[in-house]
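Written below as structure tokens is the structure these notes are about.
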Amino acid sequence: MKGLFKSILLAAVMVMQSMMPADASRIKDITSVQGVRSNQLIGYGLVVGLNGTGEKNNAFSEQTFRTMLNNFGIKVSDNIKPKMKDVAPVVVHAELPPFAKPGQTIDVTVSAIGEAKSLRGGSLIQTFLKGADGQVYAVAQGSLVVSGLGTEGSDGSKVVVNTPTVGRIANGAIVERAVKSSFEYGDTVILNLHRADFSTADNVANAINDNFGKNTARAIDATSVEVYAPRDPSARVNFMSAVENLDVDMADEAAKIIVNSRTGTIVIGKDVKLHPVAITHGGLTVTVKENIEVYQPNPMADGQTAAVSDSEIKIEEKNTRMFKLESSNSLDDLVRTINQIGLAPGDLMSVLEALQQAGAIEGELVII
């Protein structure tokens with residue numbers, strides 16, 4: 001039965017490849033499988049072996065250091081103040097990928113949280129990485145790779161390149177616990193679109209039904225598509241491999257104009273249209289000039305030399321004329337019309353906002 005199912009899948013893939021449109025997108029590129037995701041891990045540990053660039057002697061770091069020694073059965077007297085310049089407390093974080101199994105390794109990032117100047121040359125000692133449920137899912141340890149560099153002179157001058165207080169350990173954590181996934185349970189698999197769109201969701205469902213039979217998939221809403229899949233894990237993997245390589249026509253995005261108010265960047269979508277409208281945009285220029293004059297008292301008088309500020313304010317208003325914008329039915333027409341205005345990005349933002357309020361823009365104006 002499994003061999004027959006694989007043969008049917010292979011035949012379906014061959015038919016799909018022969019029917020692939022040139023400008024379509026694969027389902028695997030526009031969706032994600034519900035429940036198949038990475039998980040964030042975090043831990044607290046110590047980096048040792050620093051060349052004098054570690055933490056200063058403070059109560060927080062000292063407590064951490066004493067706790068580490070106690071774990072190894074070493075009791076440090078309260079009268080002894082350990083030197084902490086070669087040790088730094090750090091936060092360790094990592095991403096546990098889906099389906100990661102015990103014994104596999106993942107990368108970790110190590111960041112200093114105290115007053116350490118650099119982690120270069122240090123080694124992270126055994127650190128437990130926990131998930132949101134408080135369980136330990138990985139254990140990290142190893143030598144850090146730090147791209148940053150910092151140096152300081154005796155006169156207080158210093159040079160810092162990149163960030164010397166953040167390092168990375170490739171394959172620095174060993175997975176100790178697997179995260180249960182809902183992928184292999186139930187009769188269906190949910191595909192979630194990266195961008196919610198009713199038309200695209202309907203296209204995904206239709207593409208799956210056209211290749212695997214009617215009622216194999218159905219669109220639940222603008223984001224999710226429910227797909228009936230085999231219960232056998234091996235057959236389900238083969239089925240999803242064929243589904244994710246299906247090509248789907250992406251629906252056109254809604255007409256939008258994106259304005260970045262911080263950088264002055266303006267991006268106009270291809271479906272934005274402009275209705276006929278008349279515009280005038282006047283500019284008021286205010287110039288303030290400070291003239292400093294020196295007041296010199298009479299030599300025989302009892303006075304002191306003083307500087308007096310003389311302010312000169314000038315207001316100039318540009319003689320702007322009203323112009324008419326014709327209707328634009330394409331992106332080229334709209335760009336040509338905007339270039340005729342000849343406004344700076346800041347002024348153009350104001351004009352676009354006014355056009356939207358007047359209902360002259362057929363599209364959404366988004367300011368970020």
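The values are calculated or read from the model by the stated rules, or taken from the named source; none is laboratory data. Computed from a prediction, not measured in an experiment: that's the story for all the values here. Heads up, the Cβs are rebuilt from the backbone with ideal geometry, glycines too, and the neighbour counts pull from every protein chain shown.
Points worth noting:
- Taken over segment 75-130, the criterion of being touching a Lys or Arg at 6+ places or on another chain (Cβ under 7 Å) and without any contact (Cβ under 8 Å) to a residue 40 or more places away in the chain is satisfied by 76, 84.
- Selection within segment 216-267 - at pLDDT 90 or above and either farther than 25 Å from residue 185 by Cβ or among the β-branched types (Val, Ile, Thr) (or both): 216, 220, 222, 223, 225, 227, 237, 243, 247, 248
- Residue satisfying all of: in segment 179-192; exposed (fewer than 14 other Cβ atoms within 10 Å of the Cβ) and within 28 Å of the chain's Cα centre (by Cα); farthest from residue 140 (Cα to Cα) among these: 182
- Pick from segment 196-216, criterion surrounded by 12 or more Cβ atoms within 10 Å (Cβ to Cβ) and charged (D, E, K, R), ranking: farthest from residue 29 (Cα to Cα): 210
- Members of segment 131-162 found to be at pLDDT 90 or above, under 26 Å from the mean Cα position of the chain (by Cα) and surrounded by 15 or more Cβ atoms within 10 Å (Cβ to Cβ), listed by number: 131, 137, 138, 140, 144
- For segment 107-145, a residue qualifies if it is of a type in the set (Val, Ile, Thr) and under 23 Å from residue 49 (Cβ atoms), and the qualifying residues are 108, 109, 110, 113, 125, 127, 139, 145.
- Selection count where residues are outside any strand (DSSP E or B) and surrounded by fewer than 15 Cβ atoms within 10 Å (Cβ to Cβ), scope segment 250-268: 8
- Residue pairs meeting the criteria (Cβ under 6 Å; at least 6 apart or on separate chains; first at pLDDT below 85, in segment 31-55; second among the polar types (S, T, N, Q)): 53/118; 55/61
- Residue check for residue 269: touching a residue at least 12 places away in the same chain (Cβ under 8 Å) and in contact with a Pro (Cβ under 7 Å, 6 or more places away or on another chain): no
- Verdict on residue 109 being within 30 Å of residue 182 (Cβ to Cβ), modelled with pLDDT of 75 or more and not in a loop (DSSP other than H, G, I, E, B): yes
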